[in-house]
Amino acid sequence: MRIICVNTGDKFGHWYVKNLKHMIDTYSGLKYDEFVVITSENYKGVFNKLQMFDLYRDGANLYFDLDICIYGKVPNLIRKDLTVLYAWWRDRYHTTLNSSVISWTGDQSHIYETFKKDPNKWQEKYNKGIDQMLEENFKVATYDKVCYSINENEYKPKDNNYSIMLFNQRQFYMEPGWTGWWTNYFLPKS
Amino acid sequence: MNYLNTETLIGENFGMSIKICCVYFEGKYTPDYVEKLYNGLKRHCTLPFEFICYSDNPNVKADVVIPLPKYSDIKYHWHKLTFFSPLFAYQKPGDEIIIMDIDQVIVNNVDDMIGFPVVDNEIVSYKQWWGQKPHLIIQGGFIKFKSGTGTKIWDNFIKNPEYWQLYYYNEMIVHYKYFGEQNFIKDRARHHNINITLMEPEWVGIYGPNKKQNLKNNRIYMKEFKEDYMIMDKPNPKIKIVHFTNPLTTIHQCKNDWIKDHWK
């Protein structure tokens, strides 16, 4: 099994990658064969994530965003078909999907191939991100409630019904100077 | 008058600390503004406090320096709002948080300001006596509250920072883009029924490089507080802090001796 993350641009420093690996190794219970980081920046922001469908066309793959907290043993997240999160914690907005966690087995490179034919068109049409693009153009399954969001939950104790919390648009809670229960699960910042 | 009594220190708030917080970002000011404010507080405050700076320059002098994020929806001095979050700056329940602007010179003992009593659901600021009316209710130069009081203010802001940061400019309530954080704090405080308490106005002096304006402010101060002067060769002994409030003003532009004596 392969764990994938993407760190392009300079929004997230190297600490975020080390922190993700630390949480996976320490708390998740996940056993993996390789942990890979995509750093090639060929597209706008989150569209660089699509490169993973080109680079990894075999075996079981599990992708995580860097702005998450893994604080316990995760349920089985490996899927045969392309699977992403259903954003149950918020209103629908432009998409019901959230791609902070993605899994697939085998070859899903057709997604990248489709995108690569005209990246500008896709990036312009889906300027809010790849979630809406995936939802409207590809066959995508969704997980049950396997994680929750910090939105509206930042002042509450951690929810033991889950083992993953997403920071979504609240990445700043991971930055120096911020503290919450999640801080205890992070790799200390030197 | 000394507002801080022993009970405050050893009573129910034992273990609480006073955190004096400021924001520094490269541009109008230089890192020594932070250092000089910190030095002034150390010279003129006998109460224990922790000085925290949220800064894009790691070399500012403070007890704790928290790096400003490279990427943020929050602009300029609106970063001050971050201190309203109880999750920020290592706040603990009961802590007293003071947000100060760095364009101020401490000229006398400030124990009465730093130790000004504050309770839950209350924001303390100093009262404006200068400038055009209606005066601002909350002055960004000094805002004090107990950790947790500002949670709703922060939550309101962070839901849509882009909207709020331009709201007061778009509504023509302020004349400079991205101004209005004081209005925001006042409006949100009122919306959430947070009490606003204002300290003695005569504790604050106003200064700038414009001599005519300084004379005008001296006259207002003299009339308002029945004093002989606000700032002549030196600040009136009643003044504890001098704020360089004009958006176009900096302290280092002013070469007066009294500034050299106190801003170091």
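Just so you know, all these numbers are worked out from the coordinates, no wet-lab data involved. This structure is a prediction, so every number in the text was calculated from the model and none was measured. Cβ: placed from backbone, ideal geometry, glycine included. Neighbour counts: every protein chain shown.
Numbers for the structure displayed
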{"item": "Computed lengthening from A:N153 to A:K189, 0.36 nm per intervening residue step minus Cα-Cα distance", "result": "10.6 nm"}
{"item": "Backbone N within segment B:58-98 under 17 Å of label point (7 Å from A:D10 Cα along the Cβ vector)", "result": "B:58-59, B:67-73"}
{"item": "Point-charge dipole on Cβ atoms (K/R +1, D/E -1) for segment B:34-110, about Cα centre, debye to 20", "result": "120 debye"}
{"item": "Chain A: relative contact order as a whole-number percent, Cα under 8 Å and 6+ apart", "result": "25 percent"}
{"item": "Of all DSSP beta bridges in segment A:1-128, antiparallel share, percent nearest 5", "result": "55 percent"}
{"item": "Gained length - B:K133 relative to B:K75, 0.36 nm times residue gap less alpha-carbon distance", "result": "18.2 nm"}
{"item": "Tilt relative to chain A, helix A:14-23 - C-alpha long axis, 0 to 90 degrees, to 10", "result": "70 degrees"}
{"item": "Electrostatic dipole magnitude of chain B [Cβ: Lys, Arg +1; Asp, Glu -1; Cα centre; debye, to 20]", "result": "760 debye"}
{"item": "Karplus (6.51, -1.76, 1.60) ³J(HN,Hα), θ = phi - 60°, over segment A:150-167, in Hz, Gly and Pro reported as x", "result": "6, 4, 6, 10, 5, 9, 9, x, 5, 8, 6, 6, 10, 10, 10, 10, 9, 8"}
{"item": "Gyration tensor (alpha-carbon) shape descriptor, segment A:67-150, a/c threshold 1.5", "result": "oblate"}
{"item": "Cβ charges +1 (Lys, Arg) and -1 (Asp, Glu), total dipole of the protein assembly as shown, debye", "result": "680 debye"}
{"item": "Qualifying lysines (Cα of each under 22 Å from Cα of A:K145; at least 8 residues distant if same chain)", "result": "A:K31, A:K73, A:K80, A:K156, A:K158"}
{"item": "Value of [θ]222 nm, deg cm²/dmol, for chain B, DSSP H segments ≥ 4, -39500 (n - 2.57) each, nearest 500", "result": "-8000 deg cm²/dmol"}
{"item": "Prolate/oblate/rounded label for chain B (Cα gyration tensor, a/c 1.5)", "result": "rounded"}
{"item": "Inter-site label distance for A:R170 and B:D257 at 7 Å from Cα along Cβ, in nm", "result": "5.6 nm"}
{"item": "Percent of beta bridges antiparallel (DSSP, the protein assembly as shown, rounded to nearest 5)", "result": "40 percent"}
{"item": "Overall form of segment B:115-188 per C-alpha gyration tensor (a/c, 1.5; a/b vs b/c)", "result": "oblate"}
{"item": "Lys/Arg +1, Asp/Glu -1 at C-beta; the protein assembly as shown dipole; positive extreme among B:L68, B:T245, B:N214", "result": "B:N214"}
{"item": "C-alpha center-to-center spacing [segment B:23-94, segment B:98-142] in angstrom", "result": "16 Å"}
{"item": "Gap separating the Cα centres of segment B:181-209 and segment A:62-111, nearest whole Å", "result": "46 Å"}
{"item": "Average partner coverage of A:174-181, which counts Cβ from other chains inside 10 Å", "result": "6"}
{"item": "Nearest-0.05 FRET efficiency for A:T39 and A:E124, computed from C-beta distance (R0 22 Å)", "result": "0.35"}
{"item": "Length added when fully stretched, B:R219-B:N195, from 0.36 nm per residue minus Cα-Cα", "result": "5.5 nm"}
{"item": "Euclidean distance between Cα centres, segment A:159-175 to segment B:236-257, Å", "result": "44 Å"}
{"item": "Antiparallel DSSP beta bridges within segment B:12-169, percent to nearest 5", "result": "35 percent"}
{"item": "Distance in nm between pseudo-label sites at B:D63 and A:N161 (7 Å out along the Cβ direction from Cα)", "result": "4.1 nm"}
{"item": "Sites excluded, GluC sites (Glu not before Pro) in DSSP loops with at most 12 other C-beta within 10 Å, longest stretch of chain B", "result": "B:13-170"}
{"item": "Net charge of Cβ neighbours under 15 Å - reference A:D54; Lys, Arg +1; Asp, Glu -1", "result": "+1"}
{"item": "Relative contact order for chain B, counting Cα pairs under 8 Å that sit 6 or more residues apart, in percent", "result": "20 percent"}
